[in-house]
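> Starting off with a structure, shown below.
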Amino acid sequence: MGGMAKISKGGNTPVPTAELRAVLTWRAAGAPDVDASALLLNAAGKVRAEADFVFYNQPSDAAGAVRHEGKRPAADGIVTDTIRVDLAAMPPDVERVVIGASADGGTFGQVPGLALHVVSAQGGPIAEFDIDEASTETAFLFGEFYLRGGVWKFRAVGQGYASGLTGLATDFGIEVAADDAPSTASAPSAPPPAPARPSTPPPSAPAVSLKKRNLVDMEKRLAQEGHPQLLNLTKQAAVSLEKRGLGEHTARVALCLDISYSMQSLFKRGKVQALAERVLSLGLRFDDNAAVDVFLFGSRGHAVGQLGLGEYHGWAERIRKNPGLEGSTDYAGAMRLVREHYFGGSGPRHQPLANDLPVYVMFITDGQTTSRDATREQMTYSSFEPIFWQFMGLGRPGGFSFLEELDDLTGRYVDNADFFSVQDPALVPDAQLYDMMTNEYPGWLARARTQGLLI
């Protein structure tokens, strides 16, 4: 399968045709057997039903968009296992198709020559991803086809699971009962069964989690203290979060905001204030301290405390006056301050740093940065930390090539960013904006847990 463009972990490439094959290859001599599989995922990063798990004993999803074509011997002791993907036939509520595999009788560290090849239906080469970091994993997620702005792309993931197929399946919403879980080293002989119904009736009043009580108390406080706009926004945010399985999720939340001169019109017309209130409302759902941490960037970075219920009225106008708008745009200056605030330093990091709470950063800008190399470094170093960067560009489509680069930056420990742009945020309905703000965050949470960033 020579002639393909090789991509590294985290890299991506557009797919030029709707009919594709994801071909897993390895050298069979002395290696454990390998079984390829695929999962069809919705916007929440979960399967819609058990039929969305495609493998050798369930060779197609319900729509026939993804099929397991099976193993074949190739030249020089190579074996292939192929998943066919027809993007044109993909159900409209499927936004990702992940390609994985399990190892039977050993680990992926014992499988030589392991690679994933993406080819057209006629065999034309598109991409090749060599797997050279496997060790004790008994299941592996190799790559994914994902929908971005109406265009399908392929991304190399390279994420292993020491917990085997059970760990991979449950990460994407397949419920596996403890007594009936598939082997951690082989695919199941049937779709994983639902957990058995308990033999005793459930209690008449189910327990309410501490997080749920906090959310109820927060909504009562907003109503009692006269914050109807924030109350409405938090309820809009809740709908998007529930869809993504984040209804009771807890995270630290930061707003990272551009204060360069080019933002002046957005400040004066109240658009920055409105955006800040939308970010605060998301923070009220996520962060139990009812506030978001604020970092600004112009000619340099600024850490300016918190935005909460007591100071959000007129907040953007106060920021416009003090510290005031500045003459350039330094992404890296603010990113250093964010990392210092949450993780104690902004220097190089090459080993994972674990924490019990993730950090969600809403990063808003209308232009390019003057510190590209330093920003790339900060993105790479922060990929070893439990922090997710949600980049939002304000302006015409196509004007944010560097933010798009950061979204797909190669060489990171995990993919820790997403990007979208809007020309006028006031024209984007609240529900749609919250959907965009949380589009890839659930997938990052799953990767962060698997890679040891969240405990």
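> Only one of these conditions is not met by LEU40: (1) under 30 Å from MET379 (Cα atoms); (2) assigned to a loop (DSSP other than H, G, I, E, B). Which number is it?
(2)
> Would you check which residues across the stretch 36-47 are modelled with pLDDT of 90 or more and open to solvent by 10 Å² or more (accessible area, probe 1.4 Å) and list them?
ASN42, VAL47
> Given the condition under 30 Å from GLY270 (Cβ atoms), open to solvent by 10 Å² or more (accessible area, probe 1.4 Å) and not in a helix (DSSP H, G or I), answer yes or no: does some residue in the stretch 347-366 qualify?
yes
> Hey, another quick one. Would you mind stating whether ASN214 is at pLDDT below 90 and either part of a helix (DSSP H, G or I) or more than 24 Å from MET436 (Cα to Cα) (or both)?
The answer is yes for ASN214.
> Name the single residue that is farthest from GLY105 (Cα to Cα) among those in the stretch 49-86 being open to solvent by 20 Å² or more (accessible area, probe 1.4 Å), at pLDDT 90 or above and not in a strand (DSSP E or B).
ALA63
> Additional query: Kindly establish whether VAL304 is open to solvent by 40 Å² or more (accessible area, probe 1.4 Å), assigned to a strand (DSSP E or B) and either in contact with a helix residue (DSSP H, G or I) (Cβ under 8 Å, 6 or more places away or on another chain) or over 16 Å from ILE259 (Cβ atoms) (or both).
So VAL304 passes the test.
> Which residue, of HIS313, HIS341, is in a loop (DSSP other than H, G, I, E, B), of a type outside the set (A, V, I, L, M, F, W, C), open to solvent by 50 Å² or more (accessible area, probe 1.4 Å) and within 30 Å of MET218 (Cβ to Cβ)?
Exactly one residue qualifies, and that residue is HIS313.
> A further question on this structure: Mind checking whether some residue in the stretch 423-432 is free of Cβ contacts under 8 Å to residues at least 12 places away in the same chain, in contact with a strand residue (DSSP E or B) (Cβ under 7 Å, 6 or more places away or on another chain), surrounded by fewer than 21 Cβ atoms within 10 Å (Cβ to Cβ) and in a loop (DSSP other than H, G, I, E, B)?
yes
> Mind telling me which of the residues GLY399, GLY443, GLY393, GLY452 ends up being crowded, with 17+ Cβ neighbours inside 10 Å, more than 12 Å from the chain's Cα centre (by Cα) and of a type in the set (Gly, Ala, Ser)?
Exactly one of GLY399, GLY443, GLY393, GLY452 is crowded, with 17+ Cβ neighbours inside 10 Å, more than 12 Å from the chain's Cα centre (by Cα) and of a type in the set (Gly, Ala, Ser), namely GLY393.
> Another question, if that's okay. Which of (1) β-branched (Val, Ile, Thr); (2) buried (at least 19 other Cβ atoms within 10 Å of the Cβ); (3) at pLDDT below 85; (4) not in a loop (DSSP other than H, G, I, E, B) does VAL118 not meet, given it meets every other one?
(3)
> Can you name the condition, by its number, that ASP373 falls short on among (1) open to solvent by 40 Å² or more (accessible area, probe 1.4 Å); (2) outside any helix (DSSP H, G or I); (3) more than 21 Å from ILE259 (Cβ to Cβ); (4) without any contact (Cβ under 8 Å) to a residue 60 or more places away in the chain?
Tallying (1) open to solvent by 40 Å² or more (accessible area, probe 1.4 Å); (2) outside any helix (DSSP H, G or I); (3) more than 21 Å from ILE259 (Cβ to Cβ); (4) without any contact (Cβ under 8 Å) to a residue 60 or more places away in the chain, ASP373 fails exactly one: (2).
> Here's something else I'd like to know. What do you reckon, is LEU222 buried (at least 21 other Cβ atoms within 10 Å of the Cβ), assigned to a helix (DSSP H, G or I) and not acidic (Asp, Glu)?
Yes; evaluated as a whole, the condition is true for this residue.
> Testing ALA28 on (1) farther than 21 Å from ARG447 by Cα; (2) out of contact with any Gly (no Cβ under 7 Å at 6 or more places or on another chain); (3) of a type in the set (Gly, Ala, Ser), one condition comes back false. Which one is that?
(2)
> Next question. Could you list all residues from the stretch 74-126 that are at positive phi, of a type outside the set (Gly, Ala, Ser) and in contact (Cβ under 8 Å) with a residue 60 or more places away in the chain?
none
The values are calculated or read from the model by the stated rules, or taken from the named source; none is laboratory data. Quick caveat: nothing in here was measured; it's all calculated off a predicted structure. Cβ coordinates were reconstructed from backbone atoms using ideal geometry, including for glycine residues, and neighbour counts include every protein chain displayed. These area figures cover heavy atoms from the full protein model, side chains too; ligands, DNA and RNA do not enter into them. Shrake-Rupley method; radii C 1.70, N 1.55, O 1.52, S 1.80 Å.
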